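See structure below.
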Amino acid sequence: MNVKSLGSFLQNVFIPLVTVGTATMVAWLNHSISEVDQDIKEQIAAVDIAIKEARDEREKLNAEREFNFKIYDLVQQSLEEENEKKQEVAKQFVLVMVDGELRKRLLGVLEAGGTPTIQRETAIVIAQEREFETEQKAVLRTSRKVKPSFNWEDWDYDIFWCASSGRTAKHQAELIRDQLKKEGAAGRIRVRELYDSVNARSGYKVSGYAIRRSDSEIKQAEALERLSMQVLSENGFPAAFEQQNTSEKTKWYISAFVCP
């Protein structure tokens, strides 16, 4: 190849190829860098979200801890002053705002150190809540060895009535229980009082008419809803039940609430 042919080759073939190749390489590098940059941004955003959630959770825990300390101080001060009105206020705060082990301990403190009236009232609350928890544990121990079916006798039912709603609510709960038994329900069917102190706790706070069930119990809950509404309506108590989802793992068990 002579010099002229070589020059022509370089100018017309090689250089254009190199130019195209370089442009392609640059475009590929830019695209790769862009993808890496986007991935880094997404990771940074995920870290930022995690940090914010952790900070929010920490702030929530700190706020709950500070609030619990204030309730504790309120209880202690009311006992030190031997002030029955303050003790009553402290008791109500504990019942409505405090859960878990702290609730039990503060109620125990009021029962031990309060005025005679406060001691008596608190002792009743503690006994009622202990009874309620014992019955709940009995529900959680329920087990079946047969495959679930849509038959009343395969399930256990608790029909709660709110103490604040009075004896009329208890009568309505008994109507539902009696109808279940008439239709052949042979499981454990109980009418249970939902004490005010229990209903004040988080996880309850029930008002009106409700049925609580898990996602796998919708058909059974709907059947209980139809039965309850019909029997109450026939007895002069028209009621609309709200179905509420619960995360409680209680197989073969559904609860209804009558709190008009």
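No lab work stands behind these numbers, since they all come straight from the coordinates. Just so we're clear, the structure is a prediction, and the values are computed from it rather than from any experiment. Note: ideal-geometry Cβ built from the backbone for every residue, glycine included; neighbour counts use all protein chains shown.
Here the simple spin-label model places points 7 Å from the Cα toward Cβ, and for ARG226 and ALA123 these points are separated by 5.0 nm. Among the listed pairs LYS91/LYS249; LYS170/LYS205; LYS86/LYS205, those with a Cα-Cα distance over 28 Å are LYS91/LYS249. Percent of Cα pairs in the range 146-259 per distance bin of 10 Å, from zero to the largest separation: 14, 50, 32, 4.
Full extension of the chain between ILE218 and LEU61 gives 53.0 nm of extra length, using 0.36 nm per residue less the Cα-Cα distance. Applying a DSSP loop filter and a limit of 10 other Cβ atoms within 10 Å to the trypsin sites (Lys or Arg not before Pro) in the range 213-260 leaves LYS249.
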